[in-house]
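Please treat every number below as a calculation from the coordinates, not as lab data. What you see is a predicted model; the values in this text were computed from it and never measured. Counting neighbours? That spans all protein chains shown, and the Cβs are built from the backbone with ideal geometry, glycine included.
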Amino acid sequence: MKVRILVLIFLSLTMLGCDSNADAHNAAGEIDNAELTGVDSLRISLPADVIITQGAPTLVIHTNDEQSEHIKWSVEGTDLNIGSFDDDDDDYNFRSPIRIELTLPTLKSVAAAGSGNIDINGVDSESFSIKIAGSGSVKAVGTTATLAMKIAGSGNIDAGKLEAKSANVVIAGSGNIETHATDQLAVKIAGSGDVTYHGKPSLAQTVIGSGKVRAAR
């Protein structure tokens, strides 16, 4: 059972950084915000601090000139992909801060690989999902009907102020999730991760390891 949970989580997250360099833009160039029309999802594999707000589509990437040459972004369907041209090359390390400001009319999902921090303000959608592979952290505020969150690794999700009617939470590893569900909450943990929840939902849980599910005080 534990192996099955781990495999399913990692299979769902391993595609985060797989967009091709062929159609990618260099962050050192001018960003055409018109290309963001229709985007409602972010996939990122950079050690960056990201702030996401609601409004007209805009993308601003703040870093030094050298690092900007190594950062790529592209739009694939409704996904905005932000990563490195050196995904397959471990020789380059991002040593200086990277700060990204993203504004979208609607946001439905965020997927992050590696480290970095993402702050999401004003979630307002029928469904919303957050995925972390690695040690990154995500904080989200707003409302949604259905919420899905997955962590593979040691990442953290603070969604205590993201109110959902139903939430589905999966952790493989030592990551921690705080959530808010009013009606239903389903939790699966394989490892030492903890889930803290707000609200009084009906609770279904499967825990393999030392992880815990607890109501917020």
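Taking θ as phi - 60° and the Karplus parameters 6.51, -1.76 and 1.60, the scalar couplings of the stretch 57-67 work out to x, 8, 9, 10, 10, 9, 6, 7, 4, 5, 5 Hz in sequence order, x denoting glycine and proline. For the set 131/161; 108/212; 131/165; 108/200; 72/150, the pairs lying more than 21 angstrom apart at their alpha carbons are 108/212; 108/200; 72/150.
The alpha carbons of the stretch 167-217 occupy a box of 26, 19, 12 Å along the principal axes, longest dimension given first. Sequence-ordered 3J(HN,Hα) estimates for the stretch 37-43 from the Karplus curve with 6.51, -1.76 and 1.60 and θ = phi - 60° stand at 4, x, 6, 9, 9, 10, 10 Hz, glycine and proline given as x. Converting the Cα gyration tensor eigenvalues of the chain into ellipsoid dimensions via √(5λ) gives semi-axes, longest first, of 30, 20, 14 Å.
Each of residue 205 and residue 58 was given a label point 7 Å from its Cα along the Cα-to-Cβ line. The distance between the two points is 4.3 nm.
Note on residue 26 and residue 68: the model spin-label points, each 7 Å out from Cα along the C-beta direction, lie 1.1 nm apart.
Based on C-alpha pairs under 8 angstrom that are at least 6 apart in sequence, the stretch 2-215 has a relative contact order of 16 percent.
If each DSSP helix of 4+ residues adds -39,500 (n - 2.57) and the sum is divided by the residues in the chain, what number results at 222 nm, nearest 500 deg cm²/dmol?
Result for the chain: -2000 deg cm²/dmol, rounded to the nearest 500.
The length gained by stretching the chain between residue 78 and residue 96 to full extension, at 0.36 nm per residue less their Cα-Cα distance, is 3.5 nm.
Quick check: the distance between the Cα centres of the stretch 29-50 and the stretch 118-173, to the nearest angstrom? Using only Cα atoms, the two centres lie 19 Å from each other. For the pair residue 34 and residue 121 in one chain, pulling the backbone fully straight at 0.36 nm per residue adds 29.1 nm over the alpha carbon distance.
Between the helical axis of 2-13 and the dominant principal axis of the chain, each derived from Cα atoms, what acute angle in degrees is found, rounded to the nearest 10? Between the helix axis and the principal axis of the chain, the angle is about 30 degrees. Each residue of the stretch 154-162 is assigned a 3J(HN,Hα), and the resulting list reads 10, x, 9, 10, 9, 10, x, 10, 10 Hz, derived from the Karplus form 6.51 cos²θ - 1.76 cosθ + 1.60 (θ = phi - 60°), x at Gly and Pro. When exposed loop sites are taken as GluC sites (Glu not before Pro) in a DSSP loop with at most 16 other Cβ atoms within 10 Å, the longest stretch of the chain clear of them is 70-217.
Taking square-rooted eigenvalues a ≥ b ≥ c of the alpha carbon gyration tensor, is the stretch 108-217 rounded, prolate or oblate, where a/c under 1.5 means rounded and, failing that, a/b exceeding b/c means prolate? Let's see the in-between values first.
Numbers: a/c = 1.80, a/b = 1.05, b/c = 1.71.
Oblate, since a/c reaches 1.5 and b/c is not below a/b.
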